[in-house]
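For reference, the structure discussed in these notes is given below.
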Amino acid sequence: MIPKHHLVLTLCAVYGILLKVTAQRSKLRGSSGQQPLVQNQTVTEGGTANMTCRVEFNDQTSLQWSNPTQQTLFFGDKKALRDNRIELVRASWSELTISINEITLADEGMYTCSLFTMPVKTAKAYLTVLGVPEKPEIDGLTKPALEGDEITLTCMTHGSKPAADLRWFRNEKEIKGAKEVNASGKTFTVTSSLQLLVDRDDDGAAYTCKVDHAALLQTPQQATEVLEVHYAPRVLITRSLAFPQEGQYLRLECVSKGNPSPDPVLWTKDGGELPDLDRMIVQGRELTFSALNKTDNGTYRCVASNHLGTSSAEYILYVYDPNAMGQRGPDHALIGGVVAVVVFVTLCLIIFLGRYLARHKGTYLTNEAKGADDAPDADTAIINAEGNTHAEEKKEYFI
């Protein structure tokens, strides 16, 4: 039988071991599982931030959220700060989640979650608040602008955080501007300038300034201005017939482009007024001839004007005789004449080349025949023939 004092000692030893193991387990839990876990948050100004603090193992120790100025927001499920924007989402031994509504730039900063163990353990989460840039405004547009003017368009937006980016577009094509950033408290004012040398092609062009910012992923901001340009007219005359003939109907159109529109236009013939208004009818920009005749030949001028200048164009009218032209028309006759000349020249060259080759071939055969007597081969015959030729020439000279 075991003595009582031995049994007591044994039980005390076992109890001591159990206490030691429990302490070690508590120490391990306290070093890892009882560390609060948080995450940084980024919220757009005016939005809602959810701040969550979690603990993996908790022996019924309270959690607490504090703002950047170390004011307690919630201690467990108890609200500590009177701010109607701050609400409790979830409170338990393992989690404390709160929400902050209608976020402002003043809410940005480091938030602290505390676990009241011995010692107190904390985790910090940074709340970033994005400042929403205001709708941009475009200044510097002169209406109307004149062709040749130099103007500077300026696009500006306020309230962005971080600083926004401004992009320029002419119609759908992006063009580069000069950017400038100025700090205004916690936000930034961004300006972008675009210098233009105004051309008539800019009339009606849409210049758009777009704001790029992380807070505008869902609702992009932009401003558009349409440029109006005034410029002097330019004139071009078009005709309905390439080769007008007697008796035909002819329409001349004065195509004039200017801003303001150069209406009406003025038609003249050979520097004077139109002679036959019964057959020559002016309607707007068009001059029509009901039935052409030879008396209509001449130089017709169209003049267009606005307050910025005057422009003119000329058309020399020649009325063809349909009987002289024939059915093929003057263009076919001209082409046929050119083709005939080319064919004739080609035939002449062929005949000349053929006669030249034939003459040189006959001379070679004749010389070879003259030297064939007493010649062992063709080369010797040619040499003998050349020698005989010189002899005959000398003989003819003395006669």
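The values are calculated or read from the model by the stated rules, or taken from the named source; none is laboratory data. Remember, predicted model here, so these are calculated numbers, not experimental data. Please note: Cβ atoms are built from the backbone with ideal geometry, for glycine as well, and neighbour counts cover all protein chains shown. Just the protein is used for accessible areas: all its heavy atoms, side chains included, with ligands, DNA and RNA removed. Shrake-Rupley method; radii C 1.70, N 1.55, O 1.52, S 1.80 Å.
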Quick calc: nm separation of the 7 Å Cα→Cβ label points for Arg234 and Ile350 -> 5.0
Lysine pair count for the range 110-188 [Cα-Cα under 23 Å; pairs on different chains or 8 or more apart]
13
Run the 1.4 Å probe and let me know the accessible area of Val120, rounded to the nearest 10 Å².
80
With every protein chain kept in the model, how would you rank Phe289, Phe75 by accessible area, 1.4 Å probe, largest at the top?
Phe75, Phe289
Label zone at Asp278 (point 7 Å along Cα-to-Cβ), backbone N below 18 Å, the range 293-309:
293-297
With Cβ to Cβ distances under 15 Å as the rule, what net charge do the other residues near Asn40 carry (K, R +1; D, E -1)?
0
Quick tally, 1.4 Å probe accessible area for Leu130, Leu347, sorted with the most first, runs Leu347, Leu130
Could you report the accessible area of Ile350 in Å², rounded to 10, computed with a 1.4 Å probe on the protein chains as they sit in the structure?
110
Calculate, for the range 190-235, the solvent-accessible area per residue in square angstrom, rolling a 1.4 angstrom probe over the heavy atoms of the protein chains.
47
Furthest towards positive pole of dipole, Thr142, Ala80, Thr117, structure part the range 59-178, Cβ charges:
Thr117
For the range 123-178, calculate the relative contact order in percent as a whole number, restricting contacts to Cα pairs under 8 Å that are 6 or more residues apart.
34
Spatial separation of Cα centroids for the range 164-206 and the range 103-152, in angstrom:
21
